[in-house]
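Before any comments, here is the structure.
The values are calculated or read from the model by the stated rules, or taken from the named source; none is laboratory data. Remember, it's a predicted structure, so these values are computed and weren't measured experimentally. All Cβ positions, even for glycine, are placed from backbone atoms using ideal geometry, and neighbour counts span all protein chains on display. Side chains included, ligands, DNA and RNA excluded: accessible areas come from the protein's heavy atoms. Shrake-Rupley method; radii C 1.70, N 1.55, O 1.52, S 1.80 Å.
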Amino acid sequence: MNNSKWAIRLPIIITSAVAIGVLLGANFTTSDTPSGDMNKSLFKFREVLGYIDRNYVDDVDSEELVETAIVKMLEKLDPHTVYIPKEEAVLAQSQLQGNFEGIGIEFNIFKDTLYVVTPLSGGPSEKVGLQAGDKIVKVDGENIAGIGLNNRKVFEKLRGPKGSEAKLQIIRDSKKAPLDFTIIRDKIPQSSVDVSYMVNKEVGYIKVSRFTATTYDEFYAAMEKLIDQGMKKLVLDLTGNPGGYLDKAVNMADELLADDDMIVYTKGKETRYNDEYRAVRKGIFEKGPVVVMIDQGSASASEIVAGALQDNDRALIVGRRSFGKGLVQMPINLSDGAELRLTISRYYTPSGRSIQKPYDGKDAAYSHDLADRYENGELFVADSIHVNDTLEYATGKGRKVYGGGGIVPDFFVPIDTTETSSYLTKMYTSNSLREYTFKYYEANKQKFEKMGFDEFFNDFSVTDKMLEDLNKVAKENGVKYAAADFAKSKELVRIHMKAQIARSNWGEEGFFPVFNQADEIFIKALTLFDQAEQLAERN
């Protein structure tokens, strides 16, 4: 189950948090003995904690003090070395494992009520008969409606070990009385390749949202499908991809690069953390032209793929400068179930550039980097991108590339603000657009189910009456109507509403063909294949 990530996918929301504590590398263990200086520091810490415990005027929670000290200590290192308390560690791991254990629904929260957007195909909720539009009001006899519900509370209530029971009470509009369900939790797969489809007779499109344990297998299956459908050219969409497992990124790049091409290498203080990764197998698509889409939300493993393809002159990169995370974390499971993700090396692209953007111990400034890019104009004008001339490198064919702060695209695409507005942003952040569209789809579900996607794509239009009804929902959610803003954003609203309806009926394979009509990076990508083909031929 997951809250739809597309409910907030607007270009203007560039200050939303990027998942930067991502996992790169494999598990390691160490038996190093603390140095003399380390022993002195540990003794001092225990001494202070002991005095507090014995003599402080009020009772204290020693565990809370220790956890606070750990967090503050790690802040002195780098922005990506993080401590994850045991309460959050399981959820953090599940985001990367490619599956989790739960009841298997996609959900959303409207007006403090949990709605089933869709039961996941083949999952336990679908098997017992949960339906899109059901409102879950009780879990194991406990009321969950109107209690200040949020995603974390939903996860806590509905996720659980395989084989355990979840007793749900739901309200279904077609039934007068509440319905009770007992659901046996099971493993629920999570897709990281959101969609793959043919844009036209030659161009295939694959959207990868993160790098989990299953990403490479999903990517390979998508490539096979598209090649069978006649794909000769590939658009690989890594926009908003926060990264994940290093080996999955390496394997993906290997499918597009020639044997022995360098993909990435790492350097750390300890030589055991130094490594290099090269293409080692015959790839499934080593020759056709490739265009890779990135933006300011593309981080970590997605930057490895983009950097490897750019440095090897295998693909053209289009979009905006990527996030700039080039530090490798080692996951360490602590004795109480918490997790430490410790930076142990830096990674470098084939040309030798580090992608990591600067940090100086001031976490606030680092965290506000995306907002700063907005304010200094970088997201709007290519010339505003700051590149360090002293960190200039060259690709295999002599093209200039720069280190020290993310992947700079070969072709810049600014954020399009011509149709965006603060009113549109508020409709998204209040969940109004998602709420109205979901309920509209439910009311007209039979009509859409009888309609083929091509008919929907070509003939269905969002009417003015639908827009009026959307504004009413927004008003009910506390969004003050702004006529000028709405007039400016009206056509963009139509596309987003149509995309959400398509997603409800056809899944991501309906959403993306509609949504991409408004995606400026995608539109630009489709114009670059002649140049990408020349690049591919030179290789």
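For the stretch 401-418, the candidate set comprises residues that are modelled with pLDDT of 90 or more and within 18 Å of ALA301 (Cα to Cα); within that set, the residue that is least open to solvent (accessible area, probe 1.4 Å) is ILE407.
Does SER421 satisfy the criteria of being in contact with a Lys or Arg (Cβ under 6 Å, 6 or more places away or on another chain) and crowded, with 16+ Cβ neighbours inside 10 Å? For SER421, the condition - in contact with a Lys or Arg (Cβ under 6 Å, 6 or more places away or on another chain) and crowded, with 16+ Cβ neighbours inside 10 Å - is met. Among residues of the stretch 175-200 that are farther than 30 Å from GLY510 by Cα and open to solvent by less than 50 Å² (accessible area, probe 1.4 Å), those with a beta-carbon under 8 Å from a residue that is among the charged types (D, E, K, R) and at pLDDT 90 or above at least six positions away or on a different chain give the pairs PHE181/LYS167. Go through the residues of the stretch 231-242 one by one and say whether even a single one is in contact with a helix residue (DSSP H, G or I) (Cβ under 6 Å, 6 or more places away or on another chain), open to solvent by less than 30 Å² (accessible area, probe 1.4 Å) and modelled with pLDDT under 95. Within the stretch 231-242, one or more residues are in contact with a helix residue (DSSP H, G or I) (Cβ under 6 Å, 6 or more places away or on another chain), open to solvent by less than 30 Å² (accessible area, probe 1.4 Å) and modelled with pLDDT under 95.
The rows are residues; the columns are (1) closer than 30 Å to LEU246 by Cβ; (2) of a type in the set (S, T, N, Q); (3) open to solvent by less than 40 Å² (accessible area, probe 1.4 Å); (4) part of a helix (DSSP H, G or I).
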site: PHE43; (1), (2), (3), (4): no, no, no, yes
site: TYR51; (1), (2), (3), (4): no, no, no, yes
site: ARG54; (1), (2), (3), (4): no, no, no, yes
site: LEU65; (1), (2), (3), (4): no, no, no, yes
site: MET73; (1), (2), (3), (4): yes, no, no, yes
site: LYS76; (1), (2), (3), (4): yes, no, no, no
site: HIS80; (1), (2), (3), (4): yes, no, yes, no
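Within the stretch 500-539, the residues that satisfy the criterion of being in contact with a Ser or Thr (Cβ under 9 Å, 6 or more places away or on another chain) and polar (S, T, N, Q) are GLN500, SER504. Restricting attention to the stretch 522-539, report how many residues are in contact with a Lys or Arg (Cβ under 8 Å, 6 or more places away or on another chain) and not basic (Lys, Arg). Result for the stretch 522-539: 6. Taking each residue of the stretch 149-163 that is closer than 9 Å to GLU101 by Cβ and without any contact (Cβ under 8 Å) to a residue 12 or more places away in the chain and looking for partners that are polar (S, T, N, Q) and assigned to a helix (DSSP H, G or I) with beta-carbon atoms closer than 9 Å, six or more apart or interchain, yields nothing.
Taking the stretch 491-523 as the search range and keeping residues that are more than 22 Å from the chain's Cα centre (by Cα) and in contact (Cβ under 8 Å) with a residue 60 or more places away in the chain, which one is nearest to ALA315 (Cα to Cα)? The extreme case among them is LEU492.
Could you give every pair whose Cβ atoms fall below 6 Å, whose first residue belongs to the stretch 406-423 and is more than 12 Å from LEU316 (Cβ to Cβ) and without any contact (Cβ under 8 Å) to a residue 24 or more places away in the chain, and whose second residue is open to solvent by 50 Å² or more (accessible area, probe 1.4 Å) and part of a loop (DSSP other than H, G, I, E, B), counting only separations of at least 6 or pairs across chains? Note: no pairs meet the criteria.
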